[in-house]
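Some notes on the structure that comes next.
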Amino acid sequence: ILARLNHQLSPVGKPFIRAAFYFKEALQLLLPLNTSNTSVMSNYNMIFKIGAYKSFSEISPIVQFANFTCNQALLEVFEGCNRVHIIDFDVGYGGQWASLMQELVLRNGGAPSMKITAFASPSSHDDIELGFTIENLKHYASEINMDFDIEIMSLEALNSGSWPLPLHLGENEAIAVNLPIGSFSNYPSILPLVLRFVKQLSPKIVVSLDRGCDRTDVPFPHHIIHALQSYSGLLESLDAVNMNLDALEKIERFFLQPSIEKIVLGRHRSLERRPPWRSLFIQSGFSPLTFSNFTESQAECLIQRTPIRGFHVEKRQSSLVLCWQRRELIAASAWRC
């Protein structure tokens, strides 16, 4: 089937064809004869990855919507706190936290001290990338005169059973957790363990993001079809921007294609079906929080400022969902213990 698809699919064409091409490429990595090494990362590649992420953030409202919605919920629970500690399962390039620092510095009463403990997997995170993120955040904090610290811990430690972890929690710290579901696409089986660990921390709030394609509650083929439809909608929304084709090609190759590979390879490593992630949250003792009216209205204003028509925000249960032509792109939710 993959051999036939090689003749029919290409990274050029309509969004569905391009999305199908990237999923076909990811499925080929599962073949025993495949010898390509997807984990090889050079400095040169990293520059392209950062550039692709930056371009994506500028042309699509997804990153801004996700960062703003989650950060606003954090700002509201941090009101009056002098020391904040974020446990982060998806530090990325740190853009979300630079924005949060900026907001915290502007608040009445001055900025609190801020610490981030970021969990990263050595198998999927590159040391050069993490070093880049750490230096950027430290540099930005010093520029705005904020007391800041960041520590990186191995996600594999949660899986090893070597608890309690040497997690440095200070007294009188307000703890919050950033736990996007997509950050576990490489190893979906670890989510219940992570939730158990987070519950023990008794955080003030847990913020989460769901891309709509994180579906380990269905069999592998259904998961892949669901993710294909999700990425097809995402590519449609990018095409509507009518951007430079070279920039679009780099976004797809260096940002979206690696995400698709993580979904396919991660799910293939853990084929068993699991309860929907929301059910796992509730079973682990978390209850959903409703976003404030201010957060909702600001999210809608953010999307209205997007020059492309077709994006809109919907409220579903307690989540805020960014949609493209009625198709879900990303949903933000907040939880408490």
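The values are calculated or read from the model by the stated rules, or taken from the named source; none is laboratory data. Predicted model, so just to flag it, every value in this text is computed and none were measured. Here Cβ is always computed from backbone atoms with ideal geometry, including for glycine, and neighbour counts include all displayed protein chains. When the accessible area is computed, the model is the full protein with side chains, heavy atoms only, and any ligands, DNA or RNA have been set aside. Shrake-Rupley method; radii C 1.70, N 1.55, O 1.52, S 1.80 Å.
Some notes on this structure:
- The stretch 215-332, accessible area per residue, ligands and nucleic acids excluded (1.4 Å, Å²): 49 Å²
- Within the shell of other residues whose beta carbon sits under 15 angstrom from the beta carbon of ASN71, the net charge comes to -4, with Lys and Arg scored +1 and Asp and Glu -1.
- Separation of the ILE50 and SER297 label points, Cα + 7 Å toward Cβ, nm: 3.9 nm
- Summing +1 for each Lys or Arg and -1 for each Asp or Glu among the other residues whose beta-carbon sits under 11 angstrom from that of ALA334 gives +1.
- Taken over the chain, the percentage of Cα pairs per 20 Å bin, counting from 0 up to the bin with the maximum distance, is 29, 62, 9, 0.
- Highest mean packing first, where packing is the average number of other Cβ atoms within 10 Å per residue, the peptides 257-263, 1-7, 151-157 line up as 257-263, 151-157, 1-7.
- Charge tally for ALA26 (other residues, Cβ to Cβ under 14 Å; Lys, Arg +1; Asp, Glu -1): +3.
- Per atom type, the chain shows carbon and sulfur on 53% of its accessible surface, probed at 1.4 Å.
- Cβ crowding within 10 Å averaged over residues, with 86-93, 272-279 ranked highest first: 86-93, 272-279
- Counting only lysines at least 8 places from LYS54 when in the same chain, those with an alpha carbon closer than 30 Å to its own are LYS14, LYS24, LYS115, LYS138, LYS250, LYS262, LYS315.
- Antiparallel content of DSSP bridges confined to the chain, in %, to 5: 45 percent
- q = 0.18, 0.24 Å⁻¹: log10 I(q)/I(0) that the Debye formula gives for the stretch 44-143, counting C-alpha atoms only: -0.96, -1.46
- In the full protein context, the stretch 51-175 carries 45 Å² of accessible surface per residue, based on a 1.4 Å probe and ignoring ligands, DNA and RNA.
- Debye-sum result for the stretch 267-337 in log10 I(q)/I(0), which assumes one identical scatterer on each alpha carbon, at q = 0.27 Å⁻¹: -1.18
- 15 Å tail of the calculated P(r), the stretch 74-122, as % of Cα pairs: 44 percent
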